[in-house]
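K.L.:
Mind looking over this structure? Questions follow.
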Amino acid sequence: MNFRYYLLVTALLYSSIEVYTQQPTSPARENADSVRTLIRRVNQHWQHTHSPRVHAFWDQAAYQSANMDAFSVTGDSSFVHYAEAWATYNQWMGAKSADTSEWKYTYGETDEYVLFGDWQICFQTYIDLYKLTPEPIKIARAKQVMHHQVNTRFNGYWWWADGLYMAMPVMTRMYDLTGNRLYLRKLFDYFRFADSLMFDPVAHLYYRDAKYLYPAHRTNAGKKDFWSRGNGWVIAALAKVLERLPQNDPHRPLYLQRFREMAAALKNCQQSEGYWTRSLIDPMQAPGYESSGTSFFTYAILWGIHHGILPVKEYLPVVNKSWHSLLATALQNDGNIGYVQPIGEKAIPGQVVNQQSVTPFGTGAFLLAACEMYRWLMKK
């Protein structure tokens with residue numbers, strides 16, 4: 001049987017789950033095993049066709065954080081070796097400047113942009129690798145950079161939606177690593193700044209950054225413009241933070257509130273085929289399938305169901321449709337994940353996104369969704 005056909009048949013089995021009762025029928029164990037097989041196949045294909053000797057910037061680091069998630073559900077040690085080769089190539093660092101007086105937090109791809117979150121997401125993987133095999137070099141730069149940052153008075157480090165995914169999970173990992181509650185206090189201070197800048201209290205979605213606030217910026221049809229992957233970064237970040245945040249953290253209720261508000265808004269703008277378009281509430285701004293936002297939403301909403309934050313009856317149909325859509329469209333016969341909008345910051349009318357649109361972060365987003373699906377099926 002063609003492997004792709006097998007996965008599509010499996011997806012049809014998922015869609016037959018009795019989702020309209022409070023206690024859905026438990027899927028067979030074979031379904032979980034098929035998802036784990038899929039995770040291994042997609043990740044092995046990526047690693048066999050891409051060298052780990054690439055930079056530690058966000059696009060590659062976002063994949064690596066999902067690679068570690070894939071290891072956690074498969075136990076495949078080759079995934080860890082690949083991450084370690086990448087980390088070693090980058091000297092267990094992000095941006096490499098040693099002069100704190102020149103460290104910057106605005107957009108930049110060179111070594112002085114140490115405080116820019118796109119150079120900090122790599123610390124998530126470094127810390128995860130350290131937890132597996134504790135060696136001081138793995139976390140030395142993360143501790144140096146993040147200790148410096150949280151001991152400044154400035155709170156405006158996270159000024160773009162993507163930055164929440166890049167840096168929020170670093171803060172909870174640093175708390176786990178050090179026990180220093182300053183990381184949790186600064187996590188909230190930074191989030192509160194980002195939230196006040198980008199959250200729309202009516203739509204319950206996030207603008208990508210201040211350039212896209214309505215009404216100064218609008219879609220071609222005059223509507224609010226909420227970028228799909230940007231909101232994917234945010235809700236996935238909230239899921240990752242809530243998973244590690246202490247239950248008694250005083251700011252947990254706000255993170256939960258935003259997570260639930262976003263999930264409800266996303267449910268309402270999901271397309272009937274199961275995917276989300278690049279501009280969430282104006283599908284005609286950039287119509288058609290896109291897999292990175294869809295993957296992040298699948299991951300986060302299923303995580304919320306799995307952890308009792310979102311009601312099963314209301315949200316499992318959303319995930320069943322989006323997961324089927326990912327298997328039917330994003331997954332390619334060779335194991336690539338296509339239909340990923342290229343690097344950018346908004347829905348671009350006329351931009352071509354197709355089977356050949358493959359990126360490391362898009363593969364990572366799909367792996368997150370698949371790993372959460374595996375955990376969900378194992379629980380049932």
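Only the coordinates and a few stated rules stand behind these numbers; no lab work does. Everything numeric here is computed off the predicted structure, so don't read it as measured data. All Cβ positions, even for glycine, are placed from backbone atoms using ideal geometry, and neighbour counts span all protein chains on display.
K.L.:
For region 132-233, give me every one of the helices (runs of 4 or more DSSP H) that falls completely inside it and has 3 or more residues that are out of contact with any helix residue (DSSP H, G or I) (no Cβ under 6 Å at 6 or more places or on another chain) and under 25 Å from Ser101 (Cα atoms). Working first, answer last.
P.N.:
Details: elements: 137-150, 162-178, 182-198.
In region 132-233, 137-150, 182-198 are the helices (runs of 4 or more DSSP H) which contain 3 or more residues that are out of contact with any helix residue (DSSP H, G or I) (no Cβ under 6 Å at 6 or more places or on another chain) and under 25 Å from Ser101 (Cα atoms).
K.L.:
Against the definition (surrounded by fewer than 21 Cβ atoms within 10 Å (Cβ to Cβ) and under 18 Å from the mean Cα position of the chain (by Cα)), how does Asp69 come out, yes or no?
P.N.:
Numbers: surrounded by fewer than 21 Cβ atoms within 10 Å (Cβ to Cβ): no; under 18 Å from the mean Cα position of the chain (by Cα): yes.
For Asp69, the condition - surrounded by fewer than 21 Cβ atoms within 10 Å (Cβ to Cβ) and under 18 Å from the mean Cα position of the chain (by Cα) - is not met.
K.L.:
So, one more: Take the residues in region 103-131 that are of a type in the set (Asp, Glu) and either part of a loop (DSSP other than H, G, I, E, B) or out of contact with any helix residue (DSSP H, G or I) (no Cβ under 9 Å at 6 or more places or on another chain) (or both), then tell me which one is farthest from His148 (Cα to Cα).
P.N.:
Filtering region 103-131 for residues of a type in the set (Asp, Glu) gives 109, 111-112, 118, 128.
Narrowing the set further to residues that are either part of a loop (DSSP other than H, G, I, E, B) or out of contact with any helix residue (DSSP H, G or I) (no Cβ under 9 Å at 6 or more places or on another chain) (or both) leaves 109, 111-112.
Values: Glu109: 20, Asp111: 16, Glu112: 14 Å.
Checked region 103-131; the qualifying residue farthest from His148 (Cα to Cα) is Glu109.
K.L.:
Here's another thing I want to ask about it. Considering only residues that are in contact (Cβ under 8 Å) with a residue 24 or more places away in the chain and out of contact with any Gly (no Cβ under 9 Å at 6 or more places or on another chain), look in region 186-197 and name the one that is surrounded by the most Cβ atoms within 10 Å (Cβ to Cβ). Before the answer, list the steps.
P.N.:
Keep residues of region 186-197 that are in contact (Cβ under 8 Å) with a residue 24 or more places away in the chain, which gives 186-195, 197.
Then drop every residue that is not out of contact with any Gly (no Cβ under 9 Å at 6 or more places or on another chain), which leaves 186-189, 191-192, 195.
Details: Lys186: 21, Leu187: 26, Phe188: 19, Asp189: 17, Phe191: 23, Arg192: 14, Asp195: 18.
The selected residue is Leu187.
K.L.:
For Lys346, indicate whether it is basic (Lys, Arg) and within 28 Å of Tyr212 (Cα to Cα). Spell out how you get there, then give the answer.
P.N.:
Working: basic (Lys, Arg): yes; within 28 Å of Tyr212 (Cα to Cα): yes.
Judged against the criteria, Lys346 is a match.
K.L.:
Let me ask another. Evaluate region 252-269: report whether one residue or more is in contact with a Phe, Trp or Tyr (Cβ under 6 Å, 6 or more places away or on another chain) and either surrounded by fewer than 24 Cβ atoms within 10 Å (Cβ to Cβ) or not in a helix (DSSP H, G or I) (or both).
P.N.:
Taking region 252-269 as the starting set, the residues that turn out to be in contact with a Phe, Trp or Tyr (Cβ under 6 Å, 6 or more places away or on another chain) are 266.
In the following step, the residues that additionally are either surrounded by fewer than 24 Cβ atoms within 10 Å (Cβ to Cβ) or not in a helix (DSSP H, G or I) (or both) were identified as none.
No, region 252-269 contains no residue that is in contact with a Phe, Trp or Tyr (Cβ under 6 Å, 6 or more places away or on another chain) and either surrounded by fewer than 24 Cβ atoms within 10 Å (Cβ to Cβ) or not in a helix (DSSP H, G or I) (or both).
K.L.:
How many of the residues making up region 151-180 are among the β-branched types (Val, Ile, Thr) and buried (at least 19 other Cβ atoms within 10 Å of the Cβ)?
P.N.:
Of region 151-180, the ones among the β-branched types (Val, Ile, Thr) are 152, 170, 172, 178.
Narrowing further to those that are buried (at least 19 other Cβ atoms within 10 Å of the Cβ): 170, 172.
Result for region 151-180: 2.
K.L.:
Leu302 passes all but one of (1) of a type in the set (A, V, I, L, M, F, W, C); (2) in a helix (DSSP H, G or I); (3) under 19 Å from Thr172 (Cβ atoms); which number fails?
P.N.:
(3)
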